[in-house]
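Student: Dropping a structure here in structure tokens format, bear with me for questions.
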Amino acid sequence: MSDDVMSLYSRRILALAAEIPLAGHLEAPQARAMRRAPQCGSSVGVELDLRDGRVSRFAQNVRACALGQASAALLGAQVLGADRAAIAAGRDAMRALLTEGAEPAAPWTALEVLRPAAEFRNRHASILLVWEATLAAMDAAGGCTGDGMAG
């Protein structure tokens, strides 16, 4: 394995990938969304409930490379209680880190661990999947009727 690839799969990234918070499924979620990266076959499914515009319950099913899993772990650590603007800011911070080398701001400073992935453009889609799926589920939940189903 080359040194570049070795630095990409650091112990921290592998540790995050091994311990994704909020993994699994919810019983009767308000909304679900799934996103897939056709280039690599990674997929992420998200289920959630919103209360007052903030994530009150969340589950994720991640089938992705270690980088996509690490990204899901980072989002999972911050998602409960977050509103759409906060999740969008996290996604934007991740994208800026990967494409512009930008420094992520609080509460997303832990995204820094994925900086080595910036030079591996073919992995960016997998890294962003969980963010896109979460935002799509939040949008769907925002349109929920009183029965908990997207309206």
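The values are calculated or read from the model by the stated rules, or taken from the named source; none is laboratory data. Just so it is clear, the structure is predicted and the values come from calculations on it, not from any experiment. So basically every Cβ, Gly included, is an ideal-geometry build from the backbone, and we count neighbours across all protein chains shown. Note: areas computed on protein heavy atoms with side chains; ligands, DNA, RNA excluded. Shrake-Rupley method; radii C 1.70, N 1.55, O 1.52, S 1.80 Å.
Student: Could you list, in sequence order, the residues of the stretch 18-28 that are buried (at least 19 other Cβ atoms within 10 Å of the Cβ) and touching a Phe, Trp or Tyr at 6+ places or on another chain (Cβ under 9 Å)?
Tutor: Within the stretch 18-28, 22 is the sole residue that qualifies.
Student: Here's another thing I want to ask about it. Could you tell me whether any residue of the stretch 60-73 is touching an Asp or Glu at 6+ places or on another chain (Cβ under 9 Å) and assigned to a strand (DSSP E or B)?
Tutor: yes
Student: Take the stretch 116-139 and flag every residue that is out of contact with any helix residue (DSSP H, G or I) (no Cβ under 6 Å at 6 or more places or on another chain) and open to solvent by 30 Å² or more (accessible area, probe 1.4 Å).
Tutor: 119, 120, 121, 122, 125, 132, 139
Student: In the stretch 29-68, how many are under 12 Å from the mean Cα position of the chain (by Cα), of a type in the set (S, T, N, Q), buried (at least 19 other Cβ atoms within 10 Å of the Cβ) and farther than 16 Å from residue 127 by Cβ?
Tutor: The total comes to 0.
Student: Hey, another quick one. Return the only residue of 89, 105, 85 being open to solvent by 40 Å² or more (accessible area, probe 1.4 Å) and not in a helix (DSSP H, G or I).
Tutor: Sole residue among the options that is open to solvent by 40 Å² or more (accessible area, probe 1.4 Å) and not in a helix (DSSP H, G or I): 105.
Student: When the residues of the stretch 1-17 are filtered to those that are surrounded by 11 or more Cβ atoms within 10 Å (Cβ to Cβ) and part of a loop (DSSP other than H, G, I, E, B), which remaining residue is modelled with the highest pLDDT?
Tutor: The qualifying residue modelled with the highest pLDDT is 10.
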